[in-house]
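Peer 1: Once you've had a glance at the structure underneath, I'll fire off some questions.
The values are calculated or read from the model by the stated rules, or taken from the named source; none is laboratory data. For clarity, every value in this text was computed on a predicted model and none was experimentally measured. With ideal geometry, Cβ positions are generated from the backbone for all residues, glycine too; neighbour counts draw on all protein chains shown. What goes into the accessible areas is simple: the full protein's heavy atoms, side chains included, and nothing from ligands, DNA or RNA. Shrake-Rupley method; radii C 1.70, N 1.55, O 1.52, S 1.80 Å.
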Amino acid sequence: MSFNWKKSLVIVFDIAIAAYLILAVTAFNKPAEKASVCSEVKIDIDDEMPDGFLNANEIKKILEQQHLYPLAKPMTVINARDIEETLQKNPFVEQAECYKAQDGHVCISLKQRMPIMHVMAANGDNYYVDTQGSILPETRFASDLVVVTGQVNKKYAQKSLTRVANEIIRDKFWQSQIVQINVLNDGSVEIVPRVGDHVLYLGAPTDIAKKLERLRKFYLYGLNQAGWNKYSYISVEFDNQIICKKRYK
C-alpha cells in the first residue's frame, strides 16, 4: 500500500486549523475582566451643552455616591446594569447605556433631556421643561434658556408653552432674539425680545409658527425702516394683521 502523503498533509492541515479555531474562540469568549481591573471610564454624553445639566464630573459624582464608579475595581464586580439603572433615576437622564470592554475600559453613553425653558412662575414655582414637556427640577447650573414668568402652572407649561418654546428653539434667529415669555391672567402670551424696547404679543399660544413668521417679516421690512424703538407694543394675535402702539416720549 502506497503512502498518500497529499491526503495526510490535508488531514494534518485540517487538524491544525481546527485547533487554531478552538483556541481562538475560547480566547475570544474568555472574559478579559477575570484578570483585570477597570483602567479607564469613558463617559459620552449626547448633545452635551457647555452650560448644561450633565457633564462627566456630575456622572462620576452620582456613581461615587452609590459606590458604583468602576475605576480601579475588578471587572468581575462591575455591574453594568446597576450603573444604567442608577443613572436613569436622574431626572436629567433620558437614556443610559453601559458596557465593559476587554481592554479594561468601562464605557457609559448617556442621552440627556434637553431643557428648553426655565419657568419662574408668579406662584413661586421654579423648574425646567424639556422638549417633550417633562418637568425637570431646579438646578444650580445656569443655561441660556428662555425664562417663563407670569400666571403659569405646570400643566399649562407642559401642554401649551412647550409648543411655543420648541418653535423658538427651532429657529436660530428667534432662539437668540427671545429672552422671556410672560403669561397673562387670561392665558395669553407675550414675549420680550433681546433687541428692541418693545413687547411682542402673541395672544393664545396657538399657530405660533405663523405668528413668528409674520413678526420676522415685520422685523425685516418694518422695524428696520421705522426704527427698533419706535413702538412699545406689537401684536400678531390676529391673522393677516399686525397692530402696533407707538412709543410716546
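Peer 1: Restricting to region 123-144, count the residues that are open to solvent by less than 70 Å² (accessible area, probe 1.4 Å) and part of a loop (DSSP other than H, G, I, E, B).
Peer 2: Matching residues across region 123-144 total 9.
Peer 1: Return yes or no: is Glu167 closer than 27 Å to Gln132 by Cβ, of a type in the set (Asp, Glu) and either open to solvent by 60 Å² or more (accessible area, probe 1.4 Å) or in contact with a Phe, Trp or Tyr (Cβ under 7 Å, 6 or more places away or on another chain) (or both)?
Peer 2: no
Peer 1: Now for a separate question. In this structure, is Asn153 polar (S, T, N, Q), at pLDDT 95 or above and buried (at least 16 other Cβ atoms within 10 Å of the Cβ)?
Peer 2: Spelling it out, it is not the case that Asn153 is polar (S, T, N, Q), at pLDDT 95 or above and buried (at least 16 other Cβ atoms within 10 Å of the Cβ).
Peer 1: Follow-up. Give region 66-114 a look and list any residue that's in a helix (DSSP H, G or I) and among the hydrophobic types (A, V, I, L, M, F, W, C), or say none.
Peer 2: Met75, Val77, Ala80, Ile83, Leu87
Peer 1: Follow-up question, since we're still on this one. Just give me the residues in region 73-95 being open to solvent by 20 Å² or more (accessible area, probe 1.4 Å), of a type in the set (Val, Ile, Thr) and closer than 21 Å to Asp46 by Cβ, in sequence order.
Peer 2: Thr86
Peer 1: What number goes with the only condition from (1) aliphatic (A, V, I, L, M); (2) crowded, with 19+ Cβ neighbours inside 10 Å; (3) under 19 Å from the mean Cα position of the chain (by Cα) that Val183 does not pass?
Peer 2: Unmet for Val183, out of (1) aliphatic (A, V, I, L, M); (2) crowded, with 19+ Cβ neighbours inside 10 Å; (3) under 19 Å from the mean Cα position of the chain (by Cα): (3).
Peer 1: Then there's this: Only one of these conditions is not met by Arg194: (1) touching a residue at least 12 places away in the same chain (Cβ under 8 Å); (2) exposed (fewer than 14 other Cβ atoms within 10 Å of the Cβ); (3) more than 23 Å from Gln151 (Cα to Cα); (4) among the charged types (D, E, K, R). Which number is it?
Peer 2: Condition not satisfied by Arg194: (3).
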